[in-house]
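Note sheet for the following structure.
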Amino acid sequence: MKRVPEPELMDSVEQTTAYAAADFSEPNGLFCEHLRSTLTSRPPGRLLDLGCGSGGLLVDMAHALDEWTLIGTDAGPNMLSLAAELIETQALASRIELIKAHLPGDIGALQAQGHFAAITSNSLLHHLADPMTLWQSVATLGAPKTQVVVMDLSRPSSIEAAEALVEAHTEGADDVLKQDFLNSLCAAWRADEVLDQLQQMGWHDWTLTEPSNRHWLVTGQL
Ligand SMILES: C[S@@+](CC[C@H](N)C(=O)[O-])C[C@H]1O[C@@H](n2cnc3c(N)ncnc32)[C@H](O)[C@@H]1O
């Protein structure tokens, strides 16, 4: 299926409310399990999450890495205000900071934050006008040995296959979430395209796995 880009930001009140209410426990669980096993031999440090959205995964990561401090960043003010509420409710404000930044234009605000031992991102890549923005931001914001974990959806082979995934994974969800999920699947990059992006960065030894029927996950060290 030919890729159909979607708007970079999904920040209307309807979209952000539907996104925050959605059940992402399966992909978030896969992501956190992988992250914890990847970081297990490292001393606790600071983790930067790019495109943190309404903060669900950020909070799950804070629980999975209980000695780490986290910075979540996103360009959407409505997403960030839902993330702030969630962090407050979970009493995690002492360990999670939020910064509003639009990549790549606001990268200086993130560089000013200092060293990150880990950089993560989930479901941001397919939103960006240029996918290299994500990888170049990672290269700019990281340092030698920074651990990188990035996950996103994989574009199915046909619109029918995309619709079947929406049907299977949005039971009980409202129409706004279903439409956003379909749009995201149609905008997503396939594993072979992501491997090509990594090659362009010169990251030849990074690994890509496919942890579910609709995700790829990239791990590497700068
Ligand atoms: C699908 S959400 C993912 C949220 C979160 N990472 C998660 O796993 O639940 C994608 C997020 O990327 C943000 N975004 C899109 N383009 C961006 C950009 N150029 N700079 C910063 N954030 C961006 C959107 O505002 C949105 O919150």
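Bear in mind that the values in this text are calculations on the coordinates, not laboratory data. Nothing here was measured: the structure is a model prediction, and the numbers come from that model. Backbone-built Cβ (ideal geometry, glycine too); neighbour counts: all protein chains shown.
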Query raised in the report: How many angstrom separate the Cα center of the range 52-66 from the Cα center of the range 152-222?
Result: 20
Report summary line: Per-residue ellipticity at 222 nm attributable to helices in the chain (runs of n ≥ 4 DSSP H, -39500 (n - 2.57) apiece, nearest 500 deg cm²/dmol) works out to -13000 deg cm²/dmol
Query - Candidate lysines for bridging to Lys2, where Cα separation is under 30 Å - those fewer than 8 sequence places away on the same chain excluded - result: Lys178
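Note down the net charge around Leu222, summing +1 for each Lys or Arg and -1 for each Asp or Glu among other residues with Cβ under 15 Å from its Cβ. If you can, show how the numbers build up before the last one.
Details: positive: Arg42, Arg46, Lys145; negative: Asp205.
In short, +2.
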Requested in this report: Would you mind listing how long the chain runs along its three principal axes, going by Cα atoms, in whole Å with the largest first?
Outcome: 45, 41, 32
Query - Ranked Thr209, Thr73, Thr89, Thr17, criterion: other C-beta atoms within 10 Å, fewest first - result: Thr89, Thr209, Thr17, Thr73
Query raised in the report: With +1 on each Lys and Arg Cβ and -1 on each Asp and Glu Cβ, how big is the dipole of the chain about its Cα centre, in debye rounded to the nearest 20?
Result: 800
Query raised in the report: To the nearest 20 debye, what is the magnitude of the charge dipole of the range 21-152 about its Cα centre, counting +1 on the Cβ of each Lys and Arg and -1 on the Cβ of each Asp and Glu?
Result: 460
Report task. Determine the dipole magnitude for the range 89-162: charges of +1 sit on the beta-carbon of Lys and Arg, -1 on that of Asp and Glu, nothing else is charged, the reference point is the Cα centre, and the result goes in debye to the nearest 20. Result -> 220
Report summary line: When Cys32, Cys52 are arranged by how many other beta-carbons sit within 10 Å of their Cβ, fewest first, they go Cys32, Cys52
Query - Filtered GluC sites (Glu not before Pro), the range 138-220: DSSP coil and at most 12 other beta carbons within 10 Å - result: Glu171
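Sequence gap at least 6, Cα distance under 8 Å: using those rules, report the relative contact order of the chain to the nearest whole percent.
Over the chain, the number comes to 23 percent.
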Query raised in the report: For Ile99, Ile119, Ile71, what ranking results if the residue with the fewest other Cβ atoms within 10 Å of its Cβ goes first?
Result: Ile99, Ile71, Ile119
